[in-house]
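Participant: If you scroll down you'll find the structure; I have some questions about it.
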Amino acid sequence: MKSITKKFVEFLKKEDGPTAVEYAVMLALIIVVCIAAITALGQTASQTFTDVNTGISGS
């Protein structure tokens, strides 16, 4: 366990890795993609439930 902790601390100390700003930009892009996917799936699901409701009511 100490070796994992030591490697993690060394990773955090390196300056050649991604910075906090780069992580923030990646997180923002991931959030935008997730929101777009949820919106698209939400509209599709809503239409499916409407079709099912119409089909049941019409019977």
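Participant: When the helices in the chain are scored as -39500 (n - 2.57) per DSSP H run of 4 or longer and the sum is shared across all residues, what 222 nm value do you end up with, to the nearest 500 deg cm²/dmol?
Facilitator: -30500 deg cm²/dmol
Participant: Another question, if that's okay. Work from the charge dipole of the chain (Cβ charges, +1 for Lys and Arg, -1 for Asp and Glu, about the Cα centre) and give the residue of LEU12, ILE38, ALA24 farthest towards its positive end.
Facilitator: Result: LEU12, furthest along the dipole toward the positive end.
Participant: Run the quick spin-label model on VAL21 and ALA40: label points 7 Å from Cα toward the beta carbon, then report their separation in nm to one decimal.
Facilitator: That separation, rounded to one decimal, is 3.1 nm.
Participant: Let me ask something additional. Treat each spin label as a single point 7 Å out from the Cα along the C-beta direction, and report the THR5 to LEU29 distance in nm.
Facilitator: Taking the simple label geometry, THR5 and LEU29 are separated by 3.5 nm.
Computed from the coordinates by the stated procedures, all read-outs in this text should not be read as laboratory data. All figures in this text were calculated on a predicted structure; none of them were measured in a lab. Here the Cβ is made from the backbone with ideal geometry for all residues, glycine too, and neighbour counts use every protein chain on show.
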